[in-house]
């Protein structure tokens, strides 16, 4: 096959490098979808929702009670974003009345497990964090 014919079918000429089929992601790149998903998970309510769903599946109001302090509007928006990112599954259960349950996808389970490690680290370091905050605040008092 000649080089012209190879190019016509989308293949590079011998010795040339063609476009890569590999998808490259970089969380530091503004337009990267992995960065957007990281921002969704890394939000205050995103982390807490993921941690709760890592424990069990929840109906909306039960999840709202588990994640103390979140408004209905913020939890709804957070779950929509996490569902869009492929981390949360929203399932309508055919009962009377109909109910909606939220759970993690396989990817969401992996993410939640990593967040659990981080949360455990912070929970185990609560006393140290409290001392550091007290010292910081004492040094900066007018």
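Values in this text are rule-based calculations from the coordinates and carry no lab data. Values in this document were obtained by computation on a predicted structure and should not be read as measured data. Methodologically, a virtual Cβ is constructed for each residue, glycine included, from the backbone with ideal geometry; neighbour enumeration extends over all protein chains shown.
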**Fill in**
For segment 83-142 the mean separation of alpha carbon contacts under 8 Å (6+ apart) over residue count, i.e. relative contact order in percent, is 22 percent
**Prompt:** So what is the orientation-averaged projected area of segment 35-139, using the convex hull of its C-alpha atoms, in nm²?
**Reply:** 8.1 nm²
**Request:** Would you kindly state how much longer the chain becomes between residue 103 and residue 137 on full extension, computed as 0.36 nm times their sequence separation minus their alpha carbon distance, in nm to one decimal?
**Result:** 8.2 nm
**Request:** Within 10 Å of each residue's Cβ, count the other Cβ atoms and sort 133, 77, 30 from fewest upward.
**Result:** 30, 133, 77
**Ranked list, fewest to most other Cβ atoms within 10 Å of each Cβ, for 44, 73** = 73, 44
